[in-house]
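FYI, it's all coordinate maths here, none of it is from the lab. Just so you know, these numbers come straight off a predicted model, no measurement behind them. So basically every Cβ, Gly included, is an ideal-geometry build from the backbone, and we count neighbours across all protein chains shown.
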Amino acid sequence: AQDRKRKKQKPEKFTFEQIGGQDNSKQELREALDFLIKHEEIKKLGIRPLKGILLTGPPGTGKTLMAKAAAHYTDSIFVAASGSDFVEMYVGVGAGRIRDLFKDARARAAQEKKQSAIIFIDEIDVIGGKREGGQQREYDQTLNQLLTEMDGIYNNDEPRILVIAATNRKEMLDAALLRPGRFDRHIQVDLPDKKGRKHILELHAKSRPVAEHADLDRIAEEAYGFSGAQLESVMNEAAIYAMRDKQAVIDQQHLSRAIDKVMLGERTDRETSA
Ligand code: ATP
């Protein structure tokens with residue numbers, strides 16, 4: 001019991017095995033991360049350190065999970081923020097927050113005796129969008145601060161810092177962010193194919209009482225175009241249907257109804273926001 005207690009207090013760990021589908025993206029990411037791990041070799045060969053990885057793709061496909069798994073894979077501290085956290089009315093506040101983010105990552109790595117830290121910035125487009133016609137925005141300083149911090153990452157740094165950013169709108173990003181030595185490695189995280197969808201459903205079925213005869217292959221087929229986040233919702237909604245039916249297990253019809261529910265929910269969302 002003591003063991004269990006100790007485990008509970010530890011921050012949640014997330015591994016690549018817990019991410020369904022995305023075989024190519026996971027492989028590409030792992031290869032890139034090996035640069036962080038084999039940094040002595042990299043240094044000897046005079047290869048410049050990998051500072052930034054950009055994960056691109058539609059919402060809910062597992063980009064945040066990938067960044068968390070990256071931290072686990074490299075035994076790094078994980079620090080996360082979202083682009084919208086930096087948008088402030090007052091000039092300079094966002095830039096200060098970026099500085100603190102890097103400072104916090106370094107301090108936590110030192111405290112926990114880790115050799116590397118991964119800083120994850122979701123919705124990078126919010127601070128790193130294109131500057132059109134030379135217009136100044138209140139958060140230009142924020143973007144500049146991020147660039148300054150990234151330019152200040154060196155091979156000999158202890159801890160080593162890697163920034164992983166995510167966006168659904170890569171084409172919106174300012175070219176300054178994509179230059180060599182910044183976010184120069186891009187990994188596409190797409191909607192899962194049928195095999196990927198089945199894998200994701202299986203992962204989310206693990207923690208739920210899904211009937212043995214339930215055909216997840218068929219559910220994966222019916223859930224054409226669904227993201228990982230939507231598939232997680234399907235499992236959750238199916239469990240709610242099971243509860244309403246006073247059933248102890250989730251069966252095929254609960255899952256099928258859940259697909260319609262999630263599909264319809266999305267449509268209503270879109271209609272109301274349009
Ligand atoms: P956004 O662009 O909206 O920030 P994202 O790509 O970062 O989305 P995540 O936050 O990683 O998506 O995923 C949201 C949730 O959806 C996860 O917590 C998980 O439950 C589920 N999910 C998404 N993709 C996968 C996947 N490939 N395997 C397992 N679960 C997934």
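Observations
- Positive-end residue of PHE16, ILE219, ALA205, charge dipole of the chain with Cβ unit charges: PHE16
- Magnitude of the charge dipole, the chain, Cβ model with Lys/Arg +1 and Asp/Glu -1, debye to 20: 920 debye
- Lys/Arg +1, Asp/Glu -1 at C-beta; the chain dipole; positive extreme among LEU147, ALA176, GLN253: LEU147
- Under 16 Å from LYS206, Cα to Cα: lysines that are on another chain or at least 8 residues apart: LYS198
- For the chain: relative contact order, % (alpha-carbon pairs under 8 angstrom, 6 or more apart): 23 percent
- Take the Cβ atoms of ASP151 and LYS38, set R0 to 25 Å, and the FRET efficiency comes out at 0.65.
- The range 210-264 versus the range 68-108: alpha-carbon centroid distance in Å: 36 Å
- Beta bridges per DSSP with both ends in the chain, % antiparallel, nearest 5: 5 percent
- The charge dipole of the range 158-242, taken about its Cα centre with unit charges on the Cβ of Lys, Arg, Asp and Glu (plus for the first two, minus for the last two), comes to roughly 360 debye.
- Rounded if a/c under 1.5, otherwise prolate or oblate - the chain, Cα gyration tensor axes: prolate
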